[in-house]
Amino acid sequence: MDNHLDHMPVLSRGRHRNPKRGACFMELASYLAGERWSDHPACTHPLLAALARLVNDNTGDESRAQLVGLVPSIIGLAGDDLRIDAHIALRCATTALPVAAAERQLALAVSVLAAEEMLARLDGAPSGRLSELSRRAMEQVPHAAEQARRFSRAAKITEKGFRRYAAPNAVQLAVVGIVQACIKDPDALLRRLLEDAIADCDAIVNGPRAARSGAAQPDPAQPGPAEPAPASPAHA
């Protein structure tokens, strides 16, 4: 596989008209999947593809080259199950919440609760449950967590609204939060986020086999003051 990928277009930011001009993560996925050249290929769930584009565009050039090996694993992870959207949103929000600057923590904590609420609804479980992943993340930001609980009790979201707005917003907020976080290596955390989101989707699409091989959630560094560095808007 590595020898084959050595001949692939070089990963770079933004869209590209053809492989000779380079490729973003999802354009390379479309190429390997045998689809029409596109950064929105049908072979990958739209929200997972959006995360991959954001990671691609907000990772440094040297670190981006290390993403190539992940491209084949994203192909075929598609479907209409809303649990996919919820798990991607939850993975993004719980990863970014402990490291994000204080002004972003409330929105991310609300995203955690919205994703958990949607999963509970889809599973027919009682409202208000928290997974261990979410509990650990929320415990690291108690003030934002309490504010988010008060807000979420008054706000109810529809499944359509979650898919169209809440889940994509969680992904965007998480990537920006990580990019702007005062941590040693945001590129590494972005890569781990994409790896974990791919494993989560694989577990849903392909079953328990994928769940057993999924990556473990790392304990992220504590947040601190940081100069804002806006995420790249290269993709629409």
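The values are calculated or read from the model by the stated rules, or taken from the named source; none is laboratory data. Please read all numbers here as calculations on a predicted model, not as lab measurements. Every residue, glycine among them, receives a Cβ derived from its backbone with ideal geometry; neighbour counts consider all protein chains shown. Heavy atoms of the whole protein, side chains included, go into the accessibility calculation; ligands, DNA and RNA do not. Shrake-Rupley method; radii C 1.70, N 1.55, O 1.52, S 1.80 Å.
How much FRET efficiency would the formula 1/(1 + (r/R0)^6) give for ALA42 and GLU132, where r is the Cβ-Cβ distance and R0 is 35 Å, rounded to 0.05?
Result of the calculation: an efficiency of 0.55.
Based on the Cβ-Cβ distance from ARG150 to ASP185, what FRET efficiency comes out when R0 is 25 Å, to the nearest 0.05?
0.15
Highest first, please rank the peptides 175-184, 133-142 by the mean number of other Cβ atoms sitting within 10 Å of their residues.
Most protected by this proxy first, the peptides run 175-184, 133-142.
Whenever you get a sec, compute what percent of the accessible area on segment 116-209 sits on carbon and sulfur atoms (1.4 Å probe).
Percent of accessible area from carbon and sulfur atoms in segment 116-209: 53.
Taking 30 Å as R0, compute the FRET efficiency from the Cβ-Cβ separation of ASP81 and GLU139 and round it to 0.05.
That gives a FRET efficiency of 0.55.
Take the alpha carbon gyration tensor of segment 26-100, find the square roots of its eigenvalues, order them as a ≥ b ≥ c, and report rounded if a/c is under 1.5; if not, report prolate when a/b exceeds b/c, else oblate.
Note, shape of segment 26-100 comes out oblate.
Which of ALA101, TRP37, TYR165 sits farthest toward the positive end of the charge dipole of segment 30-170, with +1 on the Cβ of Lys and Arg and -1 on the Cβ of Asp and Glu?
Farthest along the dipole direction, towards plus: TYR165.
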